[in-house]
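Enquirer: Input: one structure, supplied below.
The values are calculated or read from the model by the stated rules, or taken from the named source; none is laboratory data. Every value quoted in this text rests on a predicted model; they were computed, and no experiment measured them. When we count neighbours, we look across all protein chains shown, and the Cβ atoms used for this are built from the backbone with ideal geometry, even at glycine.
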Amino acid sequence: MVLIPKQENHSNFKQFRPISLCNVIYKQFRPRLPTGTIKLIMFCVQFFSVSLLWNGLKLPVFSPTRELRQGDPLSPYLFVLCMEKLACLINKKVYDKTWLPICLQGRPSISHLLFADDVLLFTKATKAQMRILVSVSNGEL
């Protein structure tokens, strides 16, 4: 989710337009995870088996035949890994003063919020800041 200002001078959240970016962050960061991390994730996804209890009886062991999908037990962990990487990149840009977070009248500045499966990014609405946002989404320091 990205909030785009509806007008130049904004003072509250009603003056922003929410835009959903489903799966964009995951798709951008997957190729930029360390090779060892990708190998570990793929091992966990490809080489595991499942056993279920049905009415108290253990069913035969089987291996899933589909790739990782929404609802998979591993999905939340992949999300956390990707979001941790994203947060580190944003924090570095904020520290370097290239990412300009939103600050509303004497309150602490906000550059990003990550919770559950949502991502909110906050920055000034300028072309230069959009370039910074794109560079961060591409995993560039």
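Enquirer: So, of the residues in the range 121-141 that are within 12 Å of L86 (Cβ to Cβ) and touching a helix residue (DSSP H, G or I) at 6+ places or on another chain (Cβ under 6 Å), which turns out to be modelled with the lowest pLDDT?
Expert: Of everything passing the filter in the range 121-141, G139 is modelled with the lowest pLDDT.
Enquirer: Has the range 127-137 got any residue that is exposed (fewer than 13 other Cβ atoms within 10 Å of the Cβ) and in contact (Cβ under 8 Å) with a residue 24 or more places away in the chain?
Expert: Among the residues of the range 127-137, not one is exposed (fewer than 13 other Cβ atoms within 10 Å of the Cβ) and in contact (Cβ under 8 Å) with a residue 24 or more places away in the chain, which makes the answer no.
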